[in-house]
Amino acid sequence: MPPVSTRPPVVRISGSDLLRDLDLTHEELLHLLNLAGEMKGSPKDYAGALAGRSIALLFEKPSLRTRLTFEVAIKQLGGDSVFSEGPVGGREPLKDVARNLERWVNGIVARVFAQETVEELAEWASIPVINALSDLYHPCQALADVQTIQQRFGNLKGLKLAFLGDGNNVAQSLMITSVRLGMDFALGCPQGYLPNPETVAQAEGLAAVSGASLAITHDVAEALAGAHAVYTDVWTSMGQEREALKRKKAFRPYQVTEELLAQARPEAIFMHCLPARRGEEVTDSVIEAERSVVFDQAENRLHAQKALLLMMLG
Ligand code: CP
Ligand code: NVA
């Protein structure tokens with residue numbers, strides 16, 4: 001008799017795509033976190049789950065973590081990937097790109113400049129599309145980040161995550177995902193660099209349901225007070241290089257230093273999606289400190305994305 005599996009069945013994601021964090025239901029998000037933890041513990045159990053499946057990685061922007069963790073994830077699950085770098089839809093309409101790809105592969109992972117690009121790909125392709133970072137969201141990063149916080153603290157509800165810096169793609173995904181899971185979220189950012197109002201309104205709605213608090217402030221001390229995790233990201237995202245000088249000036253007071261971190265809880269961890277610019281958004285000593293979990297976050301990109309792939313394509 002073959003051994004009886006005690007694992008709960010993998011829940012299939014109800015929507016076909018992950019374009020924004022909200023495309024996962026709350027239950028799917030919780031299931032994904034559990035599954036990611038299991039896959040981390042017993043990676044061999046899932047080998048072959050994507051056998052015979054091919055996934056196209058379309059990247060308009062550079063990447064180390066996202067590209068490689070998707071490639072390794074797909075390989076470990078027994079699938080294949082193909083990579084294409086450069087403008088998506090530069091040579092032909094996006095609707096044609098989408099209808100070519102669906103004839104060859106089983107899924108698309110796309111890193112793009114404009115959120116509209118992944119939305120249009122998904123509209124035209126009959127296969128799942130995963131947003132691997134756009135100007136608005138970085139949902140795969142947020143999944144790995146909450147997994148990292150959960151591993152550190154054993155729970156999420158009731159914790160506080162403080163994000164210092166730009167109200168950018170990473171901040172917006174984290175804001176949605178953390179308040180949804182019952183974590184208080186505070187963004188400390190300079191004037192002119194707020195997250196987009198539509199995302200804030202969505203986060204307020206989610207916070208009202210989960211009981212989490214949401215604060216958006218220019219006051220660093222207010223953002224940091226009581227924080228269990230302090231997060232930052234680059235001040236100048238890919239595609240904004242021409243604004244770098246102006247941004248460096250505006251964000252100076254938000255640099256995560258040891259003095260600043262001391263305003264959070266004594267056990268607070270430091271987080272960054274990477275790549276980091278040491279000496280800008282964070283000092284070298286903070287990122288190298290024991291409380292820094294940046295490489296755990298990077299590792300969890302692999303596990304969270306394996307769980308996501310399994311739930312979408314397995
Ligand atoms: N954090 C992250 O997405 O890293 P890459 O830009 O290297 O993919
Ligand atoms: N906000 C950054 C994240 C990089 C992973 C960017 O978009 O460049």
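Some notes on this structure:
- Taken residue by residue, region 276-285 has at least one member that is assigned to a helix (DSSP H, G or I) and over 30 Å from Pro9 (Cα atoms).
- Subset of region 255-285 [farther than 30 Å from Thr69 by Cα and either touching a strand residue (DSSP E or B) at 6+ places or on another chain (Cβ under 7 Å) or among the polar types (S, T, N, Q) (or both)]: Gln263, Ala264
- Taken residue by residue, region 58-76 has no member that is modelled with pLDDT under 95, touching a helix residue (DSSP H, G or I) at 6+ places or on another chain (Cβ under 9 Å) and closer than 22 Å to Gln297 by Cα.
- Leu35 surrounded by 13 or more Cβ atoms within 10 Å (Cβ to Cβ), away from ligand 1 (no atom under 16 Å from the Cβ) and in a helix (DSSP H, G or I): yes
- Only a single criterion out of (1) of a type in the set (Gly, Ala, Ser); (2) within 28 Å of Glu198 (Cβ to Cβ); (3) loosely packed, with under 14 Cβ neighbours inside 10 Å is not satisfied by Ser16, namely (3).
- For the residues Glu299, Glu267, Glu281, Glu288, the requirement of being within 16 Å of ligand 1 (Cβ to nearest atom) and more than 30 Å from Leu77 (Cβ to Cβ) singles out Glu281.
- Region 134-188: number of residues that are aliphatic (A, V, I, L, M) and out of contact with any helix residue (DSSP H, G or I) (no Cβ under 7 Å at 6 or more places or on another chain): 3
- Output for region 256-293, where each listed residue is under 19 Å from Ile216 (Cα atoms), away from ligand 2 (no atom under 16 Å from the Cβ) and out of contact with any His (no Cβ under 8 Å at 6 or more places or on another chain): Leu260, Leu261, Gln263
The values are calculated or read from the model by the stated rules, or taken from the named source; none is laboratory data. Bear in mind that the values here come from a model prediction, so they are computed numbers and not experimental data. Glycine also receives a Cβ, built like all others from the backbone with ideal geometry; neighbour counts cover every protein chain displayed.
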